[in-house]
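Everything on this sheet refers to the single structure shown next.
The values are calculated or read from the model by the stated rules, or taken from the named source; none is laboratory data. Since this is a predicted model, take the numbers as computed values, not measurements. Positions of Cβ are generated from backbone atoms using ideal geometry, with glycine treated the same way; all protein chains shown enter the neighbour counts. These area figures cover heavy atoms from the full protein model, side chains too; ligands, DNA and RNA do not enter into them. Shrake-Rupley method; radii C 1.70, N 1.55, O 1.52, S 1.80 Å.
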Amino acid sequence: MNDVNRENPWRAVATRPVYENPWIRVRHDDVIQPDGLPGIYGVVEFKNRAVGVLPVEDDGAVWLVGQHRYPLNMYSWEIPEGGCPADESPEDAARRELREETGLTCERLELVARCHLSNSVSDEEAFIYRAVGLTRGASEPEGSERLEVRRVEWSEAWRMVREGEITDAMSVVALLHEAVRRLGG
């Protein structure tokens, strides 16, 4: 690696709130850019952390949920995901989301990735888990969710990633980690 100066080259001149709801805050910053010229930056601050969990059966099959995503105006296949409030641990939130969205509970959760989603415009942090030792039960989706829950053979899930049928970032990360695991990595 080269010796790059890693100090923050941006300087905030002024910050003002633009919008807020129960999930996000949007702010507008007047800045001095790294090139020394004035500029602006819009930042979306998330009030919750994101959690996702890839449920993996003993035979290697995985569980996915499908739903229409309003911002994209399209149907999306994903791992079970949701928000994690500040007073809840990411692991507890992952277990809760797994149960709410699929009806599944698990014996063991393993953190496979921590990542920042769309870090050029937001501070959203995600925790992605792998769940094993699954037991089926009744799902309890939220009123804002109309979910299709599907058990998918690994080969089908991997095909869906390769062919762009799964585009949700947390789901792609989880399934890529699973592929590496299955390759012995």
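Which of the residues belonging to region 73-94 are farther than 19 Å from Pro22 by Cβ and without any contact (Cβ under 8 Å) to a residue 24 or more places away in the chain?
Asn73, Met74, Tyr75, Ser89, Asp92 - these are the residues of region 73-94 that are farther than 19 Å from Pro22 by Cβ and without any contact (Cβ under 8 Å) to a residue 24 or more places away in the chain.
Could you list all residues from region 139-180 that are more than 19 Å from Val51 (Cα to Cα) and touching a helix residue (DSSP H, G or I) at 6+ places or on another chain (Cβ under 9 Å)?
Matches in region 139-180: Val152, Trp154, Ala157, Trp158, Met160, Val161, Glu165, Ala179.
Taking region 152-177 as the search range and keeping residues that are without any contact (Cβ under 8 Å) to a residue 60 or more places away in the chain and of a type in the set (D, E, K, R), which one is most open to solvent (accessible area, probe 1.4 Å)?
Arg162
Examine region 40-53 for a residue that is touching a Cys at 6+ places or on another chain (Cβ under 7 Å), surrounded by 11 or more Cβ atoms within 10 Å (Cβ to Cβ), β-branched (Val, Ile, Thr) and not in a loop (DSSP other than H, G, I, E, B), and state whether such a residue exists.
Yes.
Cβ-Cβ below 7 Å, separation at least six or inter-chain, first residue in region 36-63 and free of Cβ contacts under 8 Å to residues at least 24 places away in the same chain, second open to solvent by 20 Å² or more (accessible area, probe 1.4 Å): which pairs?
Gly39/Gln33; Ile40/His28; Ile40/Asp30
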